[in-house]
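Undergrad: Take a look at the following structure, please.
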Amino acid sequence: MKNLSSAAIDELRRNARSVVRELGLLNDAYFAIGVTLAERHLLIELTTCLSPTMGEIAERLLLDKSTVSRLISKAVKKGYVKCISDKKDKRKRFLKITEKGKQTLNTFEPIAFNQTKQALLTLTDKEIETIHQGIALYAKGLRSSRVQNEADTEQLTPQHGASSGVSKIESLPEIYKLLNEMGYTVELFNQKDEKGLYEIFREVVDAGSQFPYECSSIKEFHRQFLTPQGQVYVCHSLDGEVIGGFYLRANYSGRSSHIANAAYMIRSTYRGNGVGSLLIKASLHFAKGLGLHAMQFNMVLSQNTMVVKLYEKLGFSIVGIIPQAVRNPDGSYQDGLVMHRKLDDL
């Protein structure tokens with residue numbers, strides 16, 4: 001039926017609003033239990049699929065990954081959910097509901113079940129059947145509309161290379177807020193951070209895909225990161241764990257000291273949730289605050305394509321290529337990329 005009347009649409013919207021109000025969702029019916037509506041849906045999904053990834057949960061809840069990342073971080077902080085790293089690939093993290101999460105689920109599920117049961121008991125069998133069919137059809141219609149809109153948007157979106165594709169660089173307060181919502185903080189290096197930061201340095205260097213260093217000793221860590229000429233920032237989880245960090249310094253001396261340089265590293269179990277991108281953005285603001293005019297990376301490994309794409313997405317350009325600049329563990333070589341970004345547009 002294509003000739004829908006405005007009255008029919010308004011009537012459905014009124015009834016939908018009435019359902020939301022009767023369920024107590026405007027007052028957050030489960031606030032007294034300590035769980036939000038989004039957390040309730042997250043816990044339910046974790047009982048219907050075995051150890052899903054964050055991406056799978058995002059698809060099920062129809063949320064973008066950054067929103068799901070913040071949702072999961074809060075659920076982890078509350079003790080409802082725990083993250084498990086894949087033994088073979090530490091970059092993969094799976095989600096699992098905890099005992100506390102199960103107890104919380106078992107607290108609010110009877111409330112929702114009985115609320116639905118009591119409502120249905122006031123209706124006839126035929127009316128109940130009509131509700132089942134009606135809600136199923138409405139959900140189908142919403143889903144079909146969403147899929148169509150996504151397809152239309154994809155057609156209108158320029159393909160790779162058709163536009164700059166540069167991401168917005170949020171203000172520094174916005175970056176702090178996003179990090180806090182994900183459960184992280186960024187602070188200047190303190191001596192107590194050395195052990196945790198060195199663990200990440202050793203992990204990254206030994207992996208061989210990000211830095212060209214061959215040695216992962218504590219001495220090399222001090223030489224590369226803890227130099228008196230620069231600043232080091234550390235990213236912590238809310239429980240105090242060091243999950244990453246970066247150094248920031250002038251790339252050159254003398255008349256070229258207005259160009260910044262930085263290097264970033266994230267603990268493998270925390271990669272893939274957007275924290276690395278936020279740290280890079282924060283470093284750009286810090287550099288500009290120090291009076292520096294641009295950021296330059298002198299040796300980005302060309303085979304580290306994910307990082308190269310991320311830098312380009314954040315406004316960096318490849319301004320130079322050093323052929324066969326880095327020797328790989330197997331004896332082959334890869335190019336080194338010089339990447340540059342001005343800071344005047346922040």
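Undergrad: Limited to segment 323-342, what total is found for residues that are at pLDDT 95 or above and among the β-branched types (Val, Ile, Thr)?
TA: 1
Undergrad: Follow-up question, since we're still on this one. For segment 304-319, give me each residue that is modelled with pLDDT of 90 or more and either open to solvent by 50 Å² or more (accessible area, probe 1.4 Å) or more than 24 Å from GLY276 (Cα to Cα) (or both).
TA: Residues satisfying the conditions are LYS309, LEU310, GLU312, LYS313, SER317, ILE318, VAL319.
Undergrad: Taking the condition closer than 15 Å to LEU43 by Cβ, more than 29 Å from the chain's Cα centre (by Cα) and among the aromatic types (Phe, Trp, Tyr), does PHE108 pass?
TA: For PHE108, the condition - closer than 15 Å to LEU43 by Cβ, more than 29 Å from the chain's Cα centre (by Cα) and among the aromatic types (Phe, Trp, Tyr) - is not met.
Undergrad: So, one more: When segment 51-67 is examined, which residues are found to be farther than 24 Å from GLU174 by Cβ and not in a helix (DSSP H, G or I)?
TA: SER51, PRO52, THR53, LEU62
Undergrad: Hey, does segment 198-221 have a residue that's over 25 Å from the mean Cα position of the chain (by Cα) and over 28 Å from GLN303 (Cβ atoms)?
TA: Looking for residues that are over 25 Å from the mean Cα position of the chain (by Cα) and over 28 Å from GLN303 (Cβ atoms), one finds none in segment 198-221, hence no.
Undergrad: Return yes when LYS195 is within 25 Å of TYR184 (Cα to Cα), out of contact with any strand residue (DSSP E or B) (no Cβ under 9 Å at 6 or more places or on another chain) and at pLDDT 95 or above and no when it is not.
TA: no
Undergrad: I'd like to know if segment 112-121 contains one or more residues that are within 32 Å of the chain's Cα centre (by Cα) and open to solvent by less than 60 Å² (accessible area, probe 1.4 Å).
TA: Within segment 112-121, one or more residues are within 32 Å of the chain's Cα centre (by Cα) and open to solvent by less than 60 Å² (accessible area, probe 1.4 Å).
Undergrad: List, please: which pairs have Cβ atoms under 6 Å, are six or more places apart or on different chains, and start with a residue in segment 45-69 that is touching a residue at least 12 places away in the same chain (Cβ under 8 Å) and end with one that is open to solvent by 80 Å² or more (accessible area, probe 1.4 Å)?
TA: Sorted first by the residue in segment 45-69, then by its partner, the pairs are GLU45/ARG60; SER51/LYS96; LEU61/HIS41.
Undergrad: Need pairs with beta-carbon distance below 7 Å; first residue touching a residue at least 60 places away in the same chain (Cβ under 8 Å) and within segment 292-303, second outside any loop (DSSP other than H, G, I, E, B); sequence gap 6+ or separate chains.
TA: Sorted first by the residue in segment 292-303, then by its partner, the pairs are MET299/ALA325; MET299/GLY336; LEU301/VAL326; LEU301/GLN334; LEU301/GLY336; GLN303/GLN334.
Undergrad: Something else: Just one of the numbered conditions (1) at pLDDT below 90; (2) of a type outside the set (D, E, K, R); (3) within 25 Å of the chain's Cα centre (by Cα) is not true of GLN148; which one?
TA: (3)
Undergrad: Could you list all residues from segment 17-60 that are out of contact with any helix residue (DSSP H, G or I) (no Cβ under 9 Å at 6 or more places or on another chain), within 19 Å of THR98 (Cβ to Cβ) and at pLDDT below 80?
TA: Once the filter is applied, which keeps residues that are out of contact with any helix residue (DSSP H, G or I) (no Cβ under 9 Å at 6 or more places or on another chain), within 19 Å of THR98 (Cβ to Cβ) and at pLDDT below 80, segment 17-60 yields LEU50, SER51.
Undergrad: Here is a follow-up. Exactly one of these conditions fails for ARG14: (1) of a type in the set (Lys, Arg); (2) at pLDDT below 80; (3) over 23 Å from GLY183 (Cα atoms). Give me its number.
TA: Result: ARG14 fails condition (2) only.
Undergrad: Something else: Of the residues ARG40, ARG70, only one is open to solvent by less than 60 Å² (accessible area, probe 1.4 Å), part of a helix (DSSP H, G or I) and under 20 Å from GLU22 (Cα atoms); which?
TA: Criteria check complete, one pass: ARG40.
Undergrad: Here's something else I'd like to know. Does ILE322 meet the test of being of a type in the set (A, V, I, L, M, F, W, C), at negative phi and open to solvent by 30 Å² or more (accessible area, probe 1.4 Å)?
TA: Yes.
The values are calculated or read from the model by the stated rules, or taken from the named source; none is laboratory data. Because the structure is predicted, anything quoted here is derived from the model rather than measured. Note that we place each Cβ from the backbone using ideal geometry, even for glycine, and neighbour counts take in every protein chain shown. Surface areas here come from the heavy atoms of the whole protein model, side chains and all, with no ligands, DNA or RNA. Shrake-Rupley method; radii C 1.70, N 1.55, O 1.52, S 1.80 Å.
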